[in-house]
Amino acid sequence: MAYTRPRGDGYEICVSCGYDSHGKRIKHYRYWSPEEGMTQKQAEKELNRQAVLFEEECNNGFQTTTTKFETFAETWINDYAPLHLKSTTFERIAKVRKRVYPILGHLRMDKITPRHIQAFVNNLSKQGANERTGEPLAPKTIKHNVTFISDVFSYAVDMGILQNNPCAKVKYPRGEAKEKNVYTPEEMTSLLIKLQSEPLKYRTFFTLMAYSGFRRSEMLGLEWKDIDFATSTITLRRTSNYTKEKGTYTDSMKTKRSRRSVKFPKIVMDLLSEFKESQDEEMLTIGESWLESDRLFVQWNGEPMSNNTPYTWLKRFCERNDIRFCDIHSFRHFAASAMITSGIDLLTVSRTLGHSQPSTTSNIYGHVFEESSARASEAITSVIGL
């Protein structure tokens, strides 16, 4: 039977669940406070509802825990995360917990509410949250922080320690969507023309990126066995990533749908064939110093190329040729925009990019689809002529 009593600004709910082996009564407690603006009648009604829900949870075997968030999170990090998270994600956790622990680390797991998480998110969205720039944290960075908290709570729910994840009800502040920095068709054409006088390795790398929309990690993970010259297709099977602890390492694809095969035009396949011949000659010249990795994009001795090398090279190339620098990922955005404006359907674009689901593509490139649709409508109008 549940009973309640006033405690501070809210109420303490207590449920008695029989006796332990020593004859001591087992009691479980939960604190609840009315939302701002509730009338007395509304608060009493909701309190009764919360008491009933809590009693049901206790009767179903749910038990609260006095474990502090930081203590439980460290257990999750040591026992669970290394086996189930990618190394890049695991490395990011080390950064975000420095921001999370001072706010939530001292609180009991069963005492943390959606209000605590929401207040944390709101503070990260205020000026000064980014200590380096004095600006609010970027939306993506805020979500990384909450994802860490949510993963810890999800693990607690899976282990039967808690019943609910308080992060489920968190709302992210609306921010202005930043316009993606993407090369125009004219800029990309100019860039590819100027690449003709550059080393074949980089000419191949950035031409393939422009035609494929592959992620940088996918490009660096490509091996010659992935190239089927007979069918003009490339199959993505792995990625190449970097962390400070592991250095450059091979990893699995980002999602199940990231593993895909894409067909390419003759101009790309001819360039890859030329690059393969050049790399084979280079391997023979270097001899025993060459470290066979089968990777397309490698260092001078055959070792996989560093993840930062393409970015650094492109930035210097753009500076030398007075070209606007739009970073590596802009090539992926360009390929996506080119497909959409050419009338390729959403599902095909999504599969080509390796998104986990079409909604991801729609969320990222919805504005491009809208612009393309508007042009289609204008084309129909011009034909009808009314």
field: 29 Å Cα-Cα reach of Lys225 towards lysines, excluding residues that sit fewer than 8 places from it in its own chain
entry: Lys86, Lys201, Lys244, Lys246, Lys254, Lys256, Lys263, Lys266, Lys276
statement: Between Glu319 and Thr248, the FRET efficiency computed from the C-beta separation at R0 = 25 Å comes out, to the nearest 0.05, as 0.45
- line: With DSSP loop assignment and no more than 14 other C-beta atoms within 10 Å, the chymotrypsin sites (Phe, Trp or Tyr not before Pro) in segment 149-232 are Phe229
statement: Rounded to the nearest 10 degrees, the helix 185-194 long axis (Cα) sits at an angle to the longest Cα principal axis of the chain of 50
query: Hey, fewest Cβ within 10 Å first, where do Trp300, Trp313 land in order?
result: Trp300, Trp313
- prompt: Reachable aspartates and glutamates from Lys315, Cα under 14 Å, same-chain residues fewer than 8 places away excluded?
  reply: Glu198, Asp327
statement: Per the C-alpha gyration tensor (a ≥ b ≥ c, the square roots of its eigenvalues), segment 141-278 is rounded if a/c is under 1.5, else prolate if a/b beats b/c, else oblate; here it's prolate
query: Mind checking the angle between helix 309-320 and the chain's longest principal axis? C-alpha axes, 0 to 90 degrees, to the nearest 10.
result: 60
- prompt: What is the fewest-to-most order of Met269, Met159, Met1 by other Cβ atoms lying within 10 Å of their Cβ?
  reply: Met1, Met159, Met269
message: Output the 0 to 90 degree angle, nearest 10, between the alpha-carbon long axis of helix 114-124 and the longest principal axis computed from the alpha carbons of the chain.
response: 40
- line: Looking only at lysines whose Cα falls under 18 Å of Lys171's and that sit 8 or more positions away or on another chain, we get Lys126, Lys140, Lys143
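Since every read-out is calculated from the coordinates, none of them should be taken as a lab result. For clarity, every value in this text was computed on a predicted model and none was experimentally measured. Quick reminder, even Gly has a Cβ in these numbers, built from the backbone with ideal geometry, and neighbours come from all protein chains shown.
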